[in-house]
Every structure is written in structure tokens, then in C-alpha cells.
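Have a look at the structure below before the remarks.
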Amino acid sequence: MKKTLLSLSALSFLLLAACSSVNTVERAEPLATPDPIAIKKVTTDPALADKVSVVNVIQGTVSGDLLKIQVQVENLTYAYQLFNYQVVWIDKNGFHVTSPAPLWRPGQIEGRETQYLTAVAPKPSVVDFQMKLLSRITYDETVGAGRSGPAGKR
């Protein structure tokens with residue numbers, strides 16, 4: 001009886017572990033040649049810092065002159081994570097492009113999953129960007145409550 005219970009417990013554990021991970025398949029020798037860029041990370045949301053991490057950023061252009069970015073994020077935990085992200089576009093003089101206004105978008109990522117967040121600049125004058133990530137809890141307590149950011153300052 002104890003062996004049966006132990007076996008069932010072990011089987012249950014394996015099934016739960018299998019349900020919370022993501023298996024992937026990709027080409028052994030990729031044909032794509034991405035243009036990765038150096039990134040600088042500034043952590044202001046400790047609720048997300050040890051759960052979802054930016055792994056890589058690549059950029060290119062679409063429609064001839066619009067900057068396109070792809071940000072690779074990874075869930076460092078085995079738990080499903082909810083977050084929000086915003087892309088702020090910047091012109092060659094360092095000014096934020098405010099038209100259209102940057103929107104916070106919802107995101108979600110399964111345990112141990114890698115995901116790609118893609119955005120295209122609204123204008124050809126854009127040469128740079130900032131991507132902001134907040135845990136859903138921090139977002140709800142700050143931006144979602146009508147405040148401007150994690151510090152809650154208006």
C-alpha cells in the first residue's frame with residue numbers, strides 16, 4: 001500500500017512538472033541572421049525582476065524606414081506570470097515621440113517559457129526606444145490606478 005501511494009505521488013509530481021514546462025523545436029542550423037543590440041537593464045520593479053527577464057533584443061526596419069524591435073523575454077520560474085509592457089519611442093534628438101501616446105499592453109508567459117514581444121515605431125524619425133516591464137500587481141497599484149509609474153508619482 002505504501003509503495004502504491006509512493007508511486008502515485010511520484011507520478012503526480014512528474015505529471016505536474018511536465019504540465020508547467022514548455023517544449024520547443026527549432027532548426028538545428030538557423031538561416032536567420034538577427035541584428036542583436038547591446039542592452040542596458042534598469043530594474044525598478046522587484047516583483048518582476050527575479051521572474052521575467054529580458055534575454056535579447058534585435059532590431060530591423062519595416063516598410064523601408066520604420067524601426068522594428070523584437071524583445072526576447074524569459075520566465076525564470078515554473079509559474080505562469082502576468083505583466084504589462086510599454087514601448088517608448090525616441091527620435092534622433094532624444095525626444096520621446098508622444099504621438100500616438102505609448103500604451104501599456106498586457107502580457108502573459110507560461111512557466112520557463114521564452115516569448116518575443118514585437119513593436120514597430122510609429123514614425124520614420126524614431127531611432128531608439130525604451131521598453132518598460134511591470135508585474136501585473138505593480139501595474140494595477142500604480143499605472144492602472146492612474147499614476148505615472150512604479151513610484152506612483154504624477
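The values are calculated or read from the model by the stated rules, or taken from the named source; none is laboratory data. All values derive from a computational prediction rather than experimental measurement. Note that each Cβ is placed from the backbone with ideal geometry, even for glycine, and that neighbours are counted across all protein chains shown.
So which residues in region 77-97 are hydrophobic (A, V, I, L, M, F, W, C) and exposed (fewer than 13 other Cβ atoms within 10 Å of the Cβ)?
A79, F95
Restricting the search to region 17-55, which residues are part of a helix (DSSP H, G or I), of a type in the set (A, V, I, L, M, F, W, C) and either surrounded by fewer than 11 Cβ atoms within 10 Å (Cβ to Cβ) or at pLDDT 85 or above (or both)?
A18, C19, A47, L48, A49
Can you list residue pairs whose Cβ atoms sit under 8 Å apart, with the first residue in region 93-120 being under 16 Å from S135 (Cβ atoms) and outside any loop (DSSP other than H, G, I, E, B) and the second being among the basic types (K, R) and at pLDDT 95 or above? Count only pairs 6 or more apart in sequence or on different chains.
Every condition considered, the pairs that remain are P106/R136.
If you take the residues in region 98-113 that are modelled with pLDDT under 95 and either touching a strand residue (DSSP E or B) at 6+ places or on another chain (Cβ under 9 Å) or among the hydroxyl-bearing types (S, T, Y) (or both), which one is surrounded by the most Cβ atoms within 10 Å (Cβ to Cβ)?
P102
Considering only region 46-73, state which residues are of a type in the set (S, T, Y) and at positive phi.
S63
Quick check on my filter: what residues within region 59-81 are more than 16 Å from I39 (Cβ to Cβ) and aliphatic (A, V, I, L, M)?
V62, L66, L76, A79
Please find, within region 80-100, the residue that is farthest from V55 (Cα to Cα) out of those that are under 20 Å from the mean Cα position of the chain (by Cα) and not polar (S, T, N, Q).
Selected residue: I90.
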